[in-house]
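The values are calculated or read from the model by the stated rules, or taken from the named source; none is laboratory data. These numbers come from a predicted model, not from an experiment. When we count neighbours, we look across all protein chains shown, and the Cβ atoms used for this are built from the backbone with ideal geometry, even at glycine. Please note that ligands, DNA and RNA were not included when accessible areas were found on the heavy atoms of the full protein model with its side chains. Shrake-Rupley method; radii C 1.70, N 1.55, O 1.52, S 1.80 Å.
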Amino acid sequence: MKRRPNVMDRLYAAAAEIVATARDALRESGERHPERVPLYMPVMISGTDLRIVIESGPSIAASNAIHAAQGRAGQTPAMTFRDATRRAADLLAEHAEGLRQGHTRLDDRDDWCGDSEVREHYEQILEVIGALNRGR
């Protein structure tokens, strides 16, 4: 019986194909060393709570090697700046959603019941989240 690839094997194969296609496009556009170009490709899945981020390049390879070595040594890998930025955006999103749920009507989440200061604070948080996400 033929072994069916597990989900991580399929995810890796899909990500590797996406990276190869991006590097081919870089090569075709005149990039002499596409393998040196860092790639950051967020893949949003509309209508879900999923976002898949594909990162590739020399710095990612180095980071992966460091994390693997730390794991083999029994150490907890340090949080990278990118991971910290992602986590900060996620925490802010949770906070913003809590504000929205606590200060709007259940039947109309756009009705802030006249609480303009909280709504302004909510909108500022969303702007910061957007900036953090653009910088990822």
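Do we find a residue being of a type in the set (S, T, N, Q), open to solvent by less than 50 Å² (accessible area, probe 1.4 Å) and modelled with pLDDT of 90 or more anywhere in region 56-69? Yes: one or more hits.
Filtering region 110-129 to residues that are open to solvent by 60 Å² or more (accessible area, probe 1.4 Å) and either charged (D, E, K, R) or in a helix (DSSP H, G or I) (or both) leaves D110, S116, E117, R119, E120, H121, E123, Q124, L126, E127, V128. For region 1-43, how many residues are closer than 16 Å to A61 by Cβ and basic (K, R)? So the answer is 2. Every test in (1) open to solvent by 60 Å² or more (accessible area, probe 1.4 Å); (2) at pLDDT 85 or above; (3) within 25 Å of A14 (Cβ to Cβ) is passed by D83 save one, and that test is (2).
The conditions are (1) charged (D, E, K, R); (2) assigned to a helix (DSSP H, G or I); (3) closer than 30 Å to A93 by Cβ, and D49 fails exactly one of them. Which is it? With (1) charged (D, E, K, R); (2) assigned to a helix (DSSP H, G or I); (3) closer than 30 Å to A93 by Cβ applied to D49, the lone miss is (2).
Give me a count of the residues in region 1-41 that are charged (D, E, K, R), open to solvent by less than 80 Å² (accessible area, probe 1.4 Å) and within 22 Å of G135 (Cα to Cα). Number of matching residues: 1. Considering (1) among the acidic types (D, E); (2) over 14 Å from the mean Cα position of the chain (by Cα); (3) not in a helix (DSSP H, G or I), the lone condition that E55 does not fulfil carries the number (2).
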